Amino acid sequence: MDNWKDNRSVFWTLAGPGTFWLLVFFILPLGFLFVMSFSDKAIINGEVSITEYDYLTGISNYIRSVDTLYLTIIWKSIWVSALATVLCLLTAYPIAFGICFASEKWKPLLLLLVVLPFWINLLIRTYALIAVFRSQGYVNLALGAVGLGPYDMLYNNFAVIFGLVYVYMPFMVLPLYATIERLDKSYLEASLDLGASQFTTFLKVTIPLTMPGIITGVILVFIPCLGSFLTPDLLGGANAIMIGNVIERQFKAANDWPFGAALSFMLMYATFAALMLRAFLAKRSAGVDV
Amino acid sequence: MTDPIVSIRGVSKKFPGGVIAVDDVNIDIAPNEFFALLGPSGCGKTTLLRMISGLETPTDGQIIIGGQDMALTPPNKRPTNMVFQSYAVFPHMTVEENVAYGLRVTGVPEDETKRRTAEALEMVKLSHLAKRKPDQMSGGQRQRVALARALVKRPKVLLLDEPLSALDAKLRDDMRMELTRLQETVGITFIIVTHDQDEALSMASRIAVIDKGAVQQIATPSELYEQPATRFVADFIGKVNLIDAKVLSKKAKAITCEAKGLGKLTFDTEKACGDTVAVAVRPEKLKISKAEPKAAGLIKVQGNVRDVAYYGDTSHIVVSIKGGPDLQVNVQNDSRTGGSGVERGQAIWVSWMPDDSLVLTE
Amino acid sequence: MAEQMKPGSGPLDYGNRLWLKILFGVIFFMLYVPIITLVAFSFNTDRRGIVWRGFTFDNYVKAWNNSSLIEAMINSLMIAFIATLIATVLGAMVALMLWRFRFPFKGAYEAFMGLPIVIPEICMGVALLLFFNETGMMTAVVAMPWPLNLSNIIIAHVAFCFPFVAIVVRSRLVGFNRQLEEASKDLGASEWQTFWKVIVPFMMPGLVAGALLAFTLSLDDFVITFFTSGPETVTFPVKVYSLVRRGVSPEINAASTVLIVITVVATVLAMKLQAPQKSGKG
Ligand SMILES: Nc1ncnc2c1ncn2[C@@H]1O[C@H](COP(=O)(O)OP(=O)(O)O)[C@@H](O)[C@H]1O
Ligand SMILES: [Mg+2]
């Protein structure tokens with residue numbers, strides 16, 4: 001690798017455009033958003049203006065965002081995401097495990113089958129779920145055939161959680177697969193050989209040794225769940241709202257941009273906190289990943 | 001013979017791909033033996049060992065351990081423990097936790113676990129490293145952890161897969177002696193897998209030589225060396241001169257054959273044979289002389305020295321003979337002047353006592 | 001003895017366990033049934049799309065004749081093409097720079113490049129919405145003729161696509177043997193010639209894979225487009241969103257099927273192109 005000082009012109013030519021783009025069309029907008037989060041709508045002639053703002057007036061928006069109403073929504077977003085993440089982990093772990101122990105002939109196909117839905121548009125997959133779960137959908141049709149239902153399976157928390165699990169499952173399978181595949185199987189054999197049952201071996205050896213993959217998968221699923229907008233919007237109905245929907249509402253229907261900006265930053269801080277937790281945990285389990 | 005602790009009866013293992021890794025093996029191992037499975041790499045030794053431990057199951061046959069057929073018993077229900085080739089010391093546990101693992105998961109009381117763990121660590125001289133994690137240890141130390149972890153379970157049989165292969169030469173010699181010492185102190189049957197004949201010969205009380213999944217011979221080290229049963233064993237254990245021979249006539253207790261370059265020879269043997277046999281003789285059993293040896297009954301042949309390699313205490317001389325294979329002769333350099341005293345190209349006689357050679361029928 | 005293994009199988013042969021096979025069956029069933037029914041019912045004659053009444057291409061014809069749907073599709077493809085082009089160039093340049101040079105705060109720079117990937121989409125969407133509004137770009141661009149009226153969306157798509165391209169191209173470059181470059185210079189080629197004749201051909205599979213990834217990401221994006229498109233411009237996902245909000249119809253199934261086919265083909269191509277990269281590394 002060359003030192004950048006050896007060839008400044010090439011360095012700047014290569015670095016310039018991308019850096020510029022990211023600074024102007026990503027960092028600068030975030031800066032605007034940051035400023036907006038500390039601003040308020042201007043009061044002109046005693047009326048609240050729709051388009052004008054008084055900039056940098058204070059932290060009133062953040063104070064409002066920890067108001068019980070919004071705190072409840074933030075809290076709900078967190079537990080819905082956490083529950084979806086745990087369900088993802090519970091289904092993805094056996095899948096990843098099974099793929100790793102499948103015969104070499106089947107491995108690539110199984111892996112492709114897990115990843116393929118991930119490449120299909122999120123909106124379309126969510127739409128497909130609606131078609132399956134709506135009251136005249138196939139699930140109710142099948143239940144009706146055996147004399148049950150119809151049940152309202154859409155527009156509630158259950159639908160949102162199911163949708164999130166459905167949509168983000170590949171994010172969990174891939175890192176788990178990568179770590180389990182790398183795991184030296186003789187550790188499991190040694191544990192069995194020393195008298196541990198299959199279950200004990202799983203708890204005391206397999207899980208601790210695949211912890212790095214579990215952590216990565218959990219973070220990779222938790223972050224997009226927390227920031228999700230489309231899934232709760234389409235599957236959640238009015239009372240299954242998450243923070244992403246509140247932000248959208250501030251920028252569209254409610255037209256309260258300063259407050260929306262503050263909520264966006266709360267969401268970003270939560271995301272960074274999750275990322276930092278991951279870095280911390282990764283460092284702590286560093287010795288394990290041999 | 002006392003009742004065998006491990007009795008392998010007609011065991012075969014065919015892998016799904018079609019490879020027959022172990023082919024109708026029969027071995028009885030007595031309590032307290034230091035038994036070695038010896039063979040070239042890929043011959044099925046590890047597979048056989050893993051079937052004893054329960055990490056693989058045979059497709060055919062019985063594996064009787066302590067009087068019970070355990071061919072299909074899961075590994076955690078067998079009185080055997082294994083030291084893995086890669087050691088498989090758990091990286092997320094300290095040395096102490098590793099050693100205690102096998103006791104804790106089987107519900108041994110905690111105070112007994114503590115005591116036995118400490119004893120086992122003492123035995124492999126690792127007490128001072130009890131709190132270390134494996135990634136802060138050398139390969140040799142990790143192997144001791146693996147040993148202690150297996151021995152602390154007091155198994156009926158300890159299985160070791162190529163225990164010395166990953167160590168460097170110096171450590172290997174130490175460990176070889178240490179394993180022999182341990183086996184004597186703990187009084188447990190050891191079954192060791194190795195591809196290194198020196199290792200097997202120097203440690204084991206008995207050896208099974210395996211080729212292509214099948215047992216060639218089971219014998220003590222000296223029997224294997226002096227009385228190899230097959231060409232494969234003779235060739236695999238030490239250096240040997242093998243001379244093909246055509247059978248001329250067979251009697252009840254003797255074979256007369258025409259050996260390449262040596263002429264007509266008669267051997268006392270009771271073994272059945274086909275049309276061809278091989279005459280085997282170790283290089284150190286051969287004598288050289290400039291003049292034709294006069295003693296009666298010697299097998300002798302004249303040839304030319306093709307090569308002389310000087311090794312300090314011995315010299316290895318290759319003699320080419322007419323109509324036969326080159327013969328290797330090892331001579332002691334017991335005079336201080338000029339080693340073996342032979343030169344390349346020199347005409348020379350090679351001779352040996354018939355009793356020092358063997359006729360191999362397979 | 002209660003517990004027994006099957007002859008010829010080991011304790012870790014989980015692949016043969018029945019419970020695992022059943023679990024696989026159930027999970028793959030759940031993953032695929034919604035998508036397969038979606039595709040299947042795009043060929044259904046029943047308007048309400050619940051019961052299978054017969055095979056037809058009518059829904060595709062209807063979707064094709066739905067001018068707003070087609071317009072949205074054309075917009076989406078246009079945006080994806082231009083955004084991919086720009087994102088590939090930018091991403092490749094950043095990848096080259098990161099591969100070739102060592103510089104202070106490189107770790108921080110890489111984290112900065114990764115930001116658009118980790119930040120919640122909705123935050124990026126609203127930030128860009130605010131930015132385009134405050135700078136007047138929103139009103140200015142909406143008034144422009146097609147396809148310039150898509151500029152804002154394209155700008156936004158480039159911003160979240162090119163870091164992905166950079167990652168893909170860089171992982172390709174890691175396998176490059178720099179002696180080739182030196183050999184080329186030794187043979188008298190200038191730096192510029194070496195770049196085009198040696199480095200670019202080596203990068204090519206990474207470039208194509210990165211470009212296809214950018215294309216899929218752009219074509220699929222809903223959230224960021226939803227915020228950065230003005231009231232007049234509609235892309236395919238945005239259009240489908242508004243249709244879905246109104247209910248299920250076989251036309252959406254038909255249009256979705258088309259989009260699924262496009263993305264799956266692009267993905268399979270990208271995977272094929274990336275596959276030999278592994279063996280090329282040695
Ligand atoms: N899990 C397996 N699947 C298929 N073939 C195997 C497997 N394990 C070992 N083999 C084959 O069985 C033969 C014996 O292997 P192994 O017992 O490991 O030999 P050794 O330990 O003597 O070197 C080899 O040909 C090997 O390729
Ligand atoms: Mg082996």
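Each of C:64, C:192 was scored by other Cβ atoms within 10 Å of its Cβ. Arranged with the fewest first, they read C:192, C:64.
For a label point 7 angstrom out from the Cα of residue A:52 toward its Cβ, which stretches of the stretch C:136-161 have the backbone nitrogen within less than 17 Å? Backbone N within reach: none found.
For chain C, list the DSSP H helices whose alpha carbon atoms reach 27 Å or more along the long axis and whose average Kyte-Doolittle value is 0.5 or above? Passing helices, by number: C:18-41, C:67-100, C:151-173, C:200-220, C:250-280.
Would you mind calculating the relative contact order of chain C from Cα pairs under 8 angstrom and at least 6 residues apart, reporting the percent as a whole number?
30
Over chain B, one equal point on each Cα, no solvent: what is log10 I(q)/I(0) by the Debye formula at q = 0.15 Å⁻¹? Results for chain B at q = 0.15 Å⁻¹ read -1.21. Only alpha carbons enter this Debye calculation for the stretch C:42-176, each as an equal point scatterer, and the log10 of I(q)/I(0) it gives at q = 0.13, 0.14, 0.21 Å⁻¹ is -0.77, -0.83, -1.19. Computed FRET efficiency, Cβ-Cβ of residue B:41 and residue C:3, R0 45 Å: what is it to the nearest 0.05? Computed FRET efficiency for residue B:41 and residue C:3 comes out at 0.85.
Basic side chains Lys and Arg get +1 at the Cβ, acidic Asp and Glu get -1 at the Cβ, and with that the dipole of chain A about its Cα centre reaches some 400 debye.
Under 21 Å of direct C-alpha separation, and excluding same-chain neighbours fewer than eight residues apart, residue C:197 reaches these lysines: C:185, C:281. Dividing the convex hull volume of the alpha-carbon atoms in the protein assembly as shown by its residue count gives 279 Å³ per residue. Remark: the stretch B:6-232 carries a charge dipole of roughly 640 debye about the Cα centre, counting +1 on each Lys and Arg Cβ and -1 on each Asp and Glu Cβ.
At a Förster radius of 25 Å, what calculated FRET efficiency corresponds to the Cβ-Cβ distance of residue B:239 and residue B:166, to the nearest 0.05? Intermediate results must be reported in sequence, preceding the final value.
Values: r = 27 Å, r/R0 = 1.07.
Computed FRET efficiency for residue B:239 and residue B:166: 0.40.
Specify which residue in the list A:130, A:45, A:97 is farthest towards the positive end of the charge dipole of the stretch A:1-135, using unit charges on the beta carbon of Lys, Arg (+1) and Asp, Glu (-1), about the Cα centre. After comparing all options, I get A:97. Packing around the peptides B:215-221, C:112-118, C:24-30, taken as the average count of other Cβ atoms within 10 Å per residue, puts them in this order, highest first: B:215-221, C:112-118, C:24-30. A Förster distance of 56 Å, applied to the separation of the beta-carbon atoms of residue B:32 and residue C:28, puts the FRET efficiency at 0.55. Taken over the alpha carbons of the stretch B:239-360 as equal point scatterers, the Debye sum produces base-10 log I(q)/I(0) values at 0.11, 0.15, 0.16 Å⁻¹ of -0.38, -0.67, -0.75.
Listed by chain and number, the lysines whose C-alpha is less than 20 Å from the C-alpha of residue B:290, apart from same-chain residues fewer than 8 away, are B:300, B:322. Length, then width, then depth: along the principal axes, the Cα atoms of the stretch C:62-274 run 64, 39, 31 Å.
Bridge orientation summary for the protein assembly as shown: considering DSSP beta bridges with both residues in this region, about 75 percent are antiparallel. For the stretch B:105-170, the alpha carbon convex hull comes to 116 Å³ per residue, rounded to a whole number.
Summed over qualifying helices (DSSP H, 4 residues or more, each -39500 (n - 2.57)) and divided by its residue number, the protein assembly as shown shows a 222 nm mean residue ellipticity of -16500 deg cm²/dmol. Remark: the residue A:60-residue A:148 segment gains 26.6 nm on full extension, using 0.36 nm per residue and subtracting the alpha carbon distance. So which lysines can residue A:41 reach, going by Cα to Cα under 16 Å and dropping same-chain residues fewer than 8 places off? Straight-line reach from residue A:41, under 16 Å: A:252. In the elastic network of chain B, a GNM with C-alpha springs shorter than 10 Å, the most mobile of B:96, B:56, B:110 is B:110. In a GNM of chain C with a 10 Å cut-off on Cα contacts, which of C:233, C:225, C:84 has the highest mean-square fluctuation? So, out of C:233, C:225, C:84, the one fluctuating most is C:233. Taking other C-beta atoms within 10 Å as the exposure proxy, A:199, A:20 rank A:199, A:20 from fewest upward.
Note on chain A: dipole from Cβ charges, positive end direction compared against A:183, A:198, A:23; the farthest Cα belongs to A:198. Distance from the Cα centroid of the stretch C:1-44 to that of the stretch A:190-232 is 20 Å (rounded to whole angstrom).
Classified by the C-alpha gyration tensor, chain A has an oblate form. Its axis ratio a/c, with a ≥ b ≥ c, is 1.5 or above, and a/b does not exceed b/c. I'd like the orientation of helix A:8-22 relative to chain A: the angle between its Cα long axis and the longest Cα principal axis, in ° from 0 to 90, rounded to 10. The two axes meet at around 80 degrees. How large is Rg over Rh for the stretch C:14-60, taking Rg from the Cα atoms and Rh as the Kirkwood inverse mean of 1/r across Cα pairs? Reported Rg/Rh (Cα atoms, Kirkwood Rh): 1.25.
What net charge do the residues around residue C:91 carry, taking every other residue with its C-beta under 14 Å from that of residue C:91, with Lys and Arg at +1 and Asp and Glu at -1? Can you show the working numbers first?
Details: positive: C:170, C:172; negative: C:110.
That sum, taken over residues with Cβ under 14 Å, equals +1.
With 24 Å as the limit on Cα-Cα distance, the pairs of B:131/B:156; A:107/B:14; B:212/B:239; A:204/B:45; B:246/B:271 that go past it are B:131/B:156; A:204/B:45. Computed over the alpha-carbon pairs of the stretch C:1-100, the distance histogram in 10 Å steps reads 11, 17, 18, 18, 21, 11, 3, 0 percent, short to long. For residue B:135 paired with residue C:182, estimate the spin-label separation in nm (one decimal), with each label point 7 Å from Cα along the Cα-to-Cβ line. The two pseudo-label positions are separated by 3.3 nm. In a reduced charge model with +1 at each Lys and Arg Cβ and -1 at each Asp and Glu Cβ, the stretch A:1-153 shows a dipole moment near 560 debye about its Cα centre. If you fit an axis through the alpha-carbon atoms of helix A:157-182 and take the longest principal axis of the Cα set of chain A, what angle between them do you get, 0 to 90°, nearest 10? Roughly 50 degrees, rounded to the nearest 10.
Among rounded, prolate and oblate, which fits the stretch A:73-145 when a ≥ b ≥ c are the square roots of the eigenvalues of its C-alpha gyration tensor, a/c under 1.5 means rounded, and a/b larger than b/c means prolate? Oblate, because a/c is 1.5 or more while a/b does not exceed b/c. Counts of other chain beta carbons within 10 angstrom of each beta carbon in peptide A:3-10 average 3.
Where a number appears in this text, it was derived from the coordinates with a stated rule and is not lab data. What you see is a predicted model; the values in this text were computed from it and never measured. So basically every Cβ, Gly included, is an ideal-geometry build from the backbone, and we count neighbours across all protein chains shown.
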